[in-house]
Structure formats: C-alpha cells, structure tokens
Amino acid sequence: MRIKLYSLVALAMGSISLFSCVDSEETTEAIFLADKEAIENYLDTASIVNVKEFSLPEDAYYQIWQFVSGSQDSVFVGDTVKVHYIGKFLSGTVFDTSIEQIAVDNGLYNPNYNYLPLKFVVGDGLVLTSFAFGISKMELGDKATIIIPSELGYGRQGYGPVPPNTPLVFEMELMEITPGPRNN
C-alpha cells in the first residue's frame, strides 16, 4: 500500500512539473510576442532621429543611431568603455541615467551619486548583455538608441525600478574607449 501511495505521489509530482515547464515555455513565448508587438508599436510612433540602423527583428532587438562620428575607433571585447546613457520604458519614463540634468528633470536625482559616464569592460558581464552588444556596434563618439524586449533586459525578475517583463529603451553615447588586451 505504501509503495502504491509513493508511486501515485511521484506520478502526480512528475505531471505537475511537466505541465509547469509547458506553461513556463508558453508564458515566455507570450511575453516575447507581447514585447515584440509593443516595440513595433513604439517604433511606429516614436520620433527617433535615424541616420543608421541595425536590427535583429526575430529577437526584437533594434539599434538606431542619432549620430555617427565616423571615428573608426571600434569597440572590442576586453576594451574598457565609458558611456553616457538614459534608460527608459517604452512609455518614455526615465528609470536610470548617468546624466545629472536628466536625473534632476525626471525626479531621479540622488546627491550621493556621481553622475559620470558608466565605465565597464566589454564582455565582463557586469552590464546587460544587450547593452554591451549595442556598445560593441558603435564607434567612439556615436550616439545610438537600443530598444530591447524584456528577456534581453531584466526579464521576469525585474530590477530596482524596472518591473518584470518590461521592454527597455537605452539612449547611449560612447564617450571613451581604452583598448584591452588583444589576442593576435
């Protein structure tokens, strides 16, 4: 009797976890499709100066340049970069920035924060992969905007002021590149 009971419990638990995976996969797909539609609607209505663009529509990743410097100073994995940025929701609400006046104008100002360009090593994993990818497509002095679905942002967990499952917009200006080690 005990063996049958354990077998039934094990079967029930296995069924629950199987259906949980299916629901999770369907939910992930539904979230992505909703993000993609929201991003496409945003792109249809946003007034973004466009002098150059790069996109991966199947991933709902879009990068639009407002200024191309022509510096030919490219970014490589291992380089240290400094970037001014403004993080926004598709609604236009600013949730983060490295620019003091933008923080003041949007009620985000923190007197304990040094408003300087964000400094990071490309490929170190300390910033969103999609953010680093966008920077890797830029040259020194370029200004660009990336629009990303939630799964390329903070996903289901959200982060700080970013709610779960929220597509994001980052306006970025590549201010400085310090070359890292090169593998020849």
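The residue that is modelled with the lowest pLDDT, among those in segment 15-36 that are charged (D, E, K, R) and surrounded by fewer than 12 Cβ atoms within 10 Å (Cβ to Cβ), is Asp23.
Within segment 61-73, being over 10 Å from Ala144 (Cβ atoms), assigned to a loop (DSSP other than H, G, I, E, B) and in contact with a strand residue (DSSP E or B) (Cβ under 7 Å, 6 or more places away or on another chain) holds for Ser69, Ser71, Gln72, Asp73. Once segment 50-86 is narrowed to residues that are under 28 Å from Leu33 (Cα atoms) and of a type in the set (Gly, Ala, Ser), the residue that is surrounded by the most Cβ atoms within 10 Å (Cβ to Cβ) is Ala60.
Condition check ((1) at positive phi; (2) surrounded by 15 or more Cβ atoms within 10 Å (Cβ to Cβ); (3) free of Cβ contacts under 8 Å to residues at least 12 places away in the same chain) across all residues:
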site	(1), (2), (3)
Gln101	no, no, yes
Leu128	no, yes, no
Met175	no, yes, no
Pro181	no, no, no
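Checking the stated criteria, Asp124 turns out to be surrounded by fewer than 19 Cβ atoms within 10 Å (Cβ to Cβ) and acidic (Asp, Glu).
When restricted to residues that are surrounded by fewer than 22 Cβ atoms within 10 Å (Cβ to Cβ) and either assigned to a helix (DSSP H, G or I) or touching a helix residue (DSSP H, G or I) at 6+ places or on another chain (Cβ under 6 Å) (or both), segment 133-143 contains 2.
Here Phe89 qualifies as among the aromatic types (Phe, Trp, Tyr) and surrounded by 15 or more Cβ atoms within 10 Å (Cβ to Cβ). For segment 74-99, the candidate set comprises residues that are in a loop (DSSP other than H, G, I, E, B), β-branched (Val, Ile, Thr) and touching a residue at least 40 places away in the same chain (Cβ under 8 Å); within that set, the residue that is farthest from Tyr42 (Cα to Cα) is Val77.
Going by the conditions given, is Gly70 farther than 30 Å from Glu29 by Cα, touching a Ser or Thr at 6+ places or on another chain (Cβ under 7 Å) and either at pLDDT 95 or above or of a type in the set (Gly, Ala, Ser) (or both)?
Spelling it out, it is not the case that Gly70 is farther than 30 Å from Glu29 by Cα, touching a Ser or Thr at 6+ places or on another chain (Cβ under 7 Å) and either at pLDDT 95 or above or of a type in the set (Gly, Ala, Ser) (or both).
Scanning for something more than 26 Å from Glu58 (Cβ to Cβ) and in contact with an Asp or Glu (Cβ under 6 Å, 6 or more places away or on another chain), does segment 110-122 turn up at least one residue? Yes, that holds for at least one residue.
Residue-by-condition table, conditions (1) among the hydrophobic types (A, V, I, L, M, F, W, C); (2) closer than 19 Å to Phe67 by Cα:
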residue: Phe95; (1), (2): yes, no
residue: Glu100; (1), (2): no, no
residue: Pro111; (1), (2): no, no
residue: Tyr115; (1), (2): no, no
residue: Ile177; (1), (2): yes, yes
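Just give me the residues in segment 160-173 being in contact (Cβ under 8 Å) with a residue 60 or more places away in the chain and part of a loop (DSSP other than H, G, I, E, B), in sequence order. Result: Gly160, Pro161, Asn165, Thr166, Pro167.
Could you tell me whether segment 144-159 includes any residue that is without any contact (Cβ under 8 Å) to a residue 12 or more places away in the chain, within 22 Å of Asp44 (Cα to Cα) and surrounded by fewer than 13 Cβ atoms within 10 Å (Cβ to Cβ)? No; the residues of segment 144-159 include none that is without any contact (Cβ under 8 Å) to a residue 12 or more places away in the chain, within 22 Å of Asp44 (Cα to Cα) and surrounded by fewer than 13 Cβ atoms within 10 Å (Cβ to Cβ).
The values are calculated or read from the model by the stated rules, or taken from the named source; none is laboratory data. Remember, predicted model here, so these are calculated numbers, not experimental data. We place every Cβ from the backbone using ideal geometry, glycine too, and count neighbours over all the protein chains shown.
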